[in-house]
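One structure below.
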């Protein structure tokens, strides 16, 4: 429970002053002037919000199994709205038809601890250095393209052990135990903290640019908006930490979670003047509700866009996204209403820092994304436990290598 409290504190306060590589010369507007600017905003009473959003933090320390999703008799028809890719790539570069909508993953191999080639044989992969006698709860495969360091971390993180409480990731108040990374095992649903850590990293990388072009917002932002929190509270929680002032804003990327752990991503593309939804579980029943919720979020964003420090980004387009037209669904995004992997698809898209290539939107290797997410987080320089975990992983690796002698 202590770990849960720590993570709740973190997502409420955000990253400490764009530290660890952020542009510390960029000042946040004075809070008093910001509060004054929002005093006369219309209240939220007129907003039509019907979604019940997912709880951000689970009470259980163990990963949650895949939920049973009711079977959908008929998938929703393709939207009549224009479908444009979210990318700076030429529109002609479409996803290959034979790959569209496929989740590409190597077939499951034998028992636990068996390392065999996946779809593509890569005999030089370091995974073949791991003895088959070493039991793992999540086996790496050659198709994951793990580096030597990633392989060491995977062996340590997913070796069969009873100790799931060891803290392997720390970022100021946020501490994440090994057990939460076990939510990335294919039979589980990735924990929301894992998704938000990937969002955090993308936000920190984006903050290094001058001027900033992307805003990445954690899923609690959508939770607060859709639960009709006061606008001044939302501003205090997110404006400076997650939405720093910029004159060249291009995209705002917001992951949204609904029961039962169904994730989708809202992309407000300022440069194109369009709003996109990356939603693999889209159905006729969910589209109306989710689009209504996204428009509720647009109303909040429009008030932030209209602030003086951000207006320079809207010289050619209205700062009110609700006037931009219908919500668009990009070409290549698969439609899988019964899928339990919507969070994995969101991780896949988020790992690209918002540079979404239409040729790759619908091609995802499930196991690879899950494993790469874990190793990327652990090996990140923002992980204040990186050195300690790396030392323990090196000790284990040395023991495993001696087994070959």
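General observations
- Qualifying residues in the stretch 123-151 (those that are free of Cβ contacts under 8 Å to residues at least 40 places away in the same chain and in a helix (DSSP H, G or I)) - the one farthest from residue 371 (Cα to Cα): 128
- Residue within the stretch 210-233 that is farther than 24 Å from residue 302 by Cβ and in contact (Cβ under 8 Å) with a residue 40 or more places away in the chain present: yes
- Condition check for residue 205 on (1) without any contact (Cβ under 8 Å) to a residue 60 or more places away in the chain; (2) within 16 Å of the chain's Cα centre (by Cα): one failure, at (1).
- When the stretch 199-225 is filtered for residues that are buried (at least 24 other Cβ atoms within 10 Å of the Cβ) and within 18 Å of residue 157 (Cβ to Cβ), nothing remains.
- Of the candidates 181, 169, the single residue that is buried (at least 24 other Cβ atoms within 10 Å of the Cβ), in a strand (DSSP E or B) and touching a helix residue (DSSP H, G or I) at 6+ places or on another chain (Cβ under 8 Å) is 169.
- Residues in the stretch 295-308 that are surrounded by 16 or more Cβ atoms within 10 Å (Cβ to Cβ) and over 17 Å from residue 238 (Cβ atoms): 295 only.
- Being touching a helix residue (DSSP H, G or I) at 6+ places or on another chain (Cβ under 7 Å) and surrounded by fewer than 18 Cβ atoms within 10 Å (Cβ to Cβ) is not true of residue 311.
All of the numbers you see were taken from the coordinates with simple rules; none came from a lab. What you are looking at is a predicted structure, and each value in this text was computed from that prediction instead of being measured. Don't worry about glycine lacking a Cβ; one is built from the backbone with ideal geometry, like all the others, and counts go over all protein chains shown.
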